[in-house]
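Asks: Here it is, the structure, as structure tokens.
The values are calculated or read from the model by the stated rules, or taken from the named source; none is laboratory data. This structure is a prediction, so every number in the text was calculated from the model and none was measured. As a convention, Cβ positions derive from the backbone with ideal geometry for all residues, glycine included, and neighbour counts pool all protein chains shown.
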């Protein structure tokens, strides 16, 4: 599930890069969130029943609104604005800082979670890999630096939402949070979006990229996200961001002809090594526990 989510989010940077050429960040991301929320509503109605689904959304509107801001409106807009000025692969690299922010936030707000030396070493190795990858000169001067910083700032928002979501998903079903947060995020962005509507109909490529981003990178990914969050917590989930740069680089090279260098490959190896160190011990314990369970 972690690799699948990383693969989906990795290609999402390509979708954003293509769509943002014709559609401004606010209307693009407002449409992304609102459509994803509307697509999730039937799923919620089928799995819970129509009336229980509506009741659940009304009951849990507060955490849905908080997550709508932290996990949708703010980071969606920041990433889209950043990608107006940097390559999609650079955005994927900058997004890997989610793991660092999550580690720091979880150490403060989730002290019951174990933080062993192996996990600390894994985070450190992954951070070194991110630093190696970020050694690229994105070009574009100060505006490119600002674009990269915007994506890093979005990582802080995602990390905060991950920790908050882990606390809320214990008592609120994940699909309810996914649906409510997307609808809330879209509504938060809607006023700004109305001032940035396209002056002409976007081309088919931009519309197709937005639809792919909405269906695959948002609707399906949100269901997967909250399932992983409930099963493994925000620290473990944040490790997916170490895998995203590799996928983002691959998609950027293959689909957008973005450059790749030896430094990129070296950074990718370090990132994958960090993931193995940070999660491998827990995977071994989980498998051992599974073998000990009675048939």
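Asks: Do we have residue 90 as modelled with pLDDT under 90, assigned to a helix (DSSP H, G or I) and surrounded by 22 or more Cβ atoms within 10 Å (Cβ to Cβ) here? Quick ask: steps written out before the conclusion?
Replies: Working: modelled with pLDDT under 90: yes; assigned to a helix (DSSP H, G or I): yes; surrounded by 22 or more Cβ atoms within 10 Å (Cβ to Cβ): yes.
When the stated conditions are applied, residue 90 passes them.
Asks: Still on this structure, please answer the following. Let me confirm something: among 194, 183, 190, which residue is modelled with pLDDT of 90 or more, more than 25 Å from residue 88 (Cα to Cα) and buried (at least 16 other Cβ atoms within 10 Å of the Cβ)? Steps first, answer last, please.
Replies: Values: 194 fails: buried (at least 16 other Cβ atoms within 10 Å of the Cβ); 190 fails: more than 25 Å from residue 88 (Cα to Cα).
The conditions single out 183.
Asks: Test of understanding: among 208, 252, 217, which residue is modelled with pLDDT of 85 or more and surrounded by fewer than 16 Cβ atoms within 10 Å (Cβ to Cβ)?
Replies: The unique qualifying residue is 208.
Asks: Give segment 1-28 a look and list any residue that's over 14 Å from residue 211 (Cβ atoms), under 14 Å from the mean Cα position of the chain (by Cα) and surrounded by 24 or more Cβ atoms within 10 Å (Cβ to Cβ), or say none.
Replies: Passing the criteria: 10, 13.
Asks: Now for a different question. Tell me, please, whether a residue that is modelled with pLDDT of 80 or more, more than 30 Å from residue 171 (Cα to Cα), out of contact with any helix residue (DSSP H, G or I) (no Cβ under 7 Å at 6 or more places or on another chain) and in a helix (DSSP H, G or I) can be found in segment 240-247.
Replies: Scanning segment 240-247, I find no residue that is modelled with pLDDT of 80 or more, more than 30 Å from residue 171 (Cα to Cα), out of contact with any helix residue (DSSP H, G or I) (no Cβ under 7 Å at 6 or more places or on another chain) and in a helix (DSSP H, G or I), so the answer is no.
Asks: Please list, ordered by first then second residue, the pairs with beta carbon atoms under 9 Å, 6 or more apart or interchain, first in segment 156-172 and closer than 16 Å to residue 103 by Cβ, second modelled with pLDDT under 85 and not in a helix (DSSP H, G or I).
Replies: 156/97; 159/97; 163/110; 166/110
Asks: What residue, among those in segment 255-267 that are in a loop (DSSP other than H, G, I, E, B) and closer than 20 Å to residue 17 by Cα, is modelled with the highest pLDDT? Quick ask: steps written out before the conclusion?
Replies: Let us first name the residues in segment 255-267 that are in a loop (DSSP other than H, G, I, E, B), namely 257-261.
Keeping just the survivors that are closer than 20 Å to residue 17 by Cα gives 257-260.
Numbers: 257: 88, 258: 84, 259: 77, 260: 73.
Checked segment 255-267; the qualifying residue modelled with the highest pLDDT is 257.
Asks: On to the next question. Please tell me if residue 74 is within 30 Å of residue 90 (Cα to Cα) and either assigned to a helix (DSSP H, G or I) or at pLDDT 90 or above (or both). Let's see the steps before the verdict.
Replies: Details: within 30 Å of residue 90 (Cα to Cα): yes; either assigned to a helix (DSSP H, G or I) or at pLDDT 90 or above (or both): yes.
Yes: the conditions hold for residue 74.
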